[in-house]
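For reference, the structure is listed below as structure tokens.
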Amino acid sequence: MVEVQDIIKKYGKEYKEKHKMLPHVAKAMGAIEKCRTAELGAHIDVCDNCGHEKISYNSCRDRHCPKCQSIAREKWIYNREFDLLNVKYFHVVFTIPSELYLIAYQNQSKVYKILFKAVSETLEELAEDKKYLGAQIGFMEVLHTWGQTLVYHPHIHTIVPAGGIDKIGKWRNSKKKFFIPVKVLSRKFRGKFLYYLKQEKLDFYGENEYLKIPSNFEELLAKMYTKEWVSYCKEPFKDAKCVIRYLGRYTHRVAISNNRIIREEDGEVTFKYRDYKDNKKIKEMTIKSEEFIRRFLMHILPPRFMKIRHYGLLGNRNKKTKLAICKKLTNTANLEKLEISTLEILKKTLGVDFNLCPVCKKGHLVNPNSS
């Protein structure tokens, strides 16, 4: 199977010679190239039953690496299980118009922060309005920057419990469909995003250099105010387990997973994608390897930028106190969280014992040097 790592190993050097890269992008690219190779060192695990030894190369642990994120995802899923409430959950997506994509790409940290802020304020303020719910809600936001064909497409996924706590401390359930009309949601988000965008000192270069002239920037924003922005709410999840699996898919997804890559030959990469404009059909796309790497690297996030954030009842300040109250009000079982190893988490979530000795099938591989 061809992996992102194989493509970077084969064509990465040539790509670096042709293109200038920001230090954090080059660092991520290098980490993915070296992941689970001798360059990052290795460790020996020994079977506690038969003494079989296995040499394993170390992982890069970069959050953009397709290999490493599968383990990180399962650990995250296990930990989130203890935060779920016994209610339905909504999946709401917020997008910005394509006319703003280049501004976002040239000002990633600033625009991504605006995205998070505009979405959170939109949801919190409308939810507190008695016209819609009249309660404080809690929700999670996840930033994605890609579409199915790896093109740049910044947007926010939110997972919102179907209800919240009102001013007198009672749980108020939301309507079956999302409790805020999509048009109201979109327009408030549009207003907030554009307002905060105006306040920022932005960089404009290349195709966007004309926006350095204030009147041109104001004209673009005026057009954006008249345009209907796309926000939508998907069908509520059936139960908490569905929420967990779905969350994992979105939170730790990278621009493209290795299983979507079909082949690499003659300097071209072919991968699968879902065409949402054509009834979600699975199709294939073939692009030059250089273009594949370019598209993949567009989605490397700024250093230390948090792409998963919690708000309201699920925010760090409220989590211990208000989440406990929410559990009581929604008759949610208070599960005891056990401190278990990564391999135990993988066994619990995936049903596979990755630590089982491949020789005797009885013992388990352990690192004799670990405490």
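By a 1.4 Å probe calculation restricted to protein chains, Asp83 has an accessible surface near 30 Å², given to the nearest 10. Relative contact order for the chain using alpha-carbon pairs under 8 Å, separation at least 6, rounded to a whole percent? Averaging sequence separation for qualifying contacts and normalising by length gives 26 percent for the chain. Electrostatic bookkeeping for Val92 treats Lys and Arg as +1 and Asp and Glu as -1; over the other residues with beta carbon under 10 Å from its beta carbon, the sum is 0. Other residues with beta-carbon under 9 Å from the beta-carbon of Tyr273 carry, at +1 per Lys or Arg and -1 per Asp or Glu, a net charge of +2.
Using just the Cα positions, wrap the range 36-86 in a convex hull and report its mean projected area in square nanometres, one decimal place.
The Cα convex hull of the range 36-86, projected and averaged over all directions, gives 5.8 nm².
What net charge do the residues around Gly164 carry, taking every other residue with its C-beta under 11 Å from that of Gly164, with Lys and Arg at +1 and Asp and Glu at -1? Summing Lys/Arg as +1 and Asp/Glu as -1 gives +1. Using C-alpha pairs below 8 Å separated by at least 6 residues, the relative contact order for the range 239-286 is 22 percent.
Within the chain, the cysteines lacking any other cysteine Cβ closer than 4.7 Å to their own Cβ are Cys233, Cys242, Cys326.
Taking the helices alone, the chain has a mean residue ellipticity at 222 nm of -12000 deg cm²/dmol, built from -39,500 (n - 2.57) per DSSP H run of at least 4 residues and averaged over all its residues. Ranked by solvent-accessible area (1.4 Å probe, protein heavy atoms only, all chains present), the residues Phe271, Phe178 order from largest to smallest as Phe178, Phe271. Computed from backbone phi with θ = phi - 60° and the Karplus coefficients 6.51, -1.76 and 1.60, the 3J(HN,Hα) list for the range 309-315 is 9, 10, 9, x, 4, 9, x Hz; x is used for glycine and proline.
The radius of gyration of the Cα set in the range 244-328, together with its Dmax, comes out at 19.1, 60 angstrom.
Pair-distance distribution P(r) for the range 101-232, from all Cα-Cα distances in 10 Å bins starting at 0: 11, 37, 31, 15, 5, 0 percent. The residues of the range 241-302 have, on average, 53 Å² of accessible surface per residue, using a 1.4 Å probe with all protein chains present.
So, R0 is 56 Å and r is the distance between the beta-carbons of Thr321 and Glu290; what FRET efficiency does that work out to, to 0.05? Can you show the working numbers first?
Numbers: r = 52 Å, r/R0 = 0.93.
The value I calculate is 0.60.
Using the Karplus relation 6.51 cos²θ - 1.76 cosθ + 1.60 with θ = phi - 60°, the per-residue 3J(HN,Hα) values for the range 153-164 come to 7, x, 7, 10, 9, 10, 10, 10, x, 7, x, x Hz, with x marking Gly and Pro. With viscosity 1.002 mPa s and temperature 20 °C, the Kirkwood radius over alpha carbon pairs of the chain converts through Stokes-Einstein to a diffusion coefficient of 92 µm²/s.
Charging the Cβ of each Asp and Glu at -1 and of each Lys and Arg at +1, and nothing else, the dipole of the chain about its Cα centre rounds to 1440 debye.
In the complete set of protein chains, residue-level accessible area for Val87 is approximately 30 Å², probe 1.4 angstrom.
Over 30 Å apart at the Cα level, from the set Lys34/Lys201; Lys177/Lys277; Lys212/Lys234; Lys201/Lys227; Lys75/Lys175, are Lys34/Lys201; Lys212/Lys234; Lys75/Lys175.
The values are calculated or read from the model by the stated rules, or taken from the named source; none is laboratory data. Everything numeric here is computed off the predicted structure, so don't read it as measured data. Please note: Cβ atoms are built from the backbone with ideal geometry, for glycine as well, and neighbour counts cover all protein chains shown. Heavy atoms of the whole protein, side chains included, go into the accessibility calculation; ligands, DNA and RNA do not. Shrake-Rupley method; radii C 1.70, N 1.55, O 1.52, S 1.80 Å.
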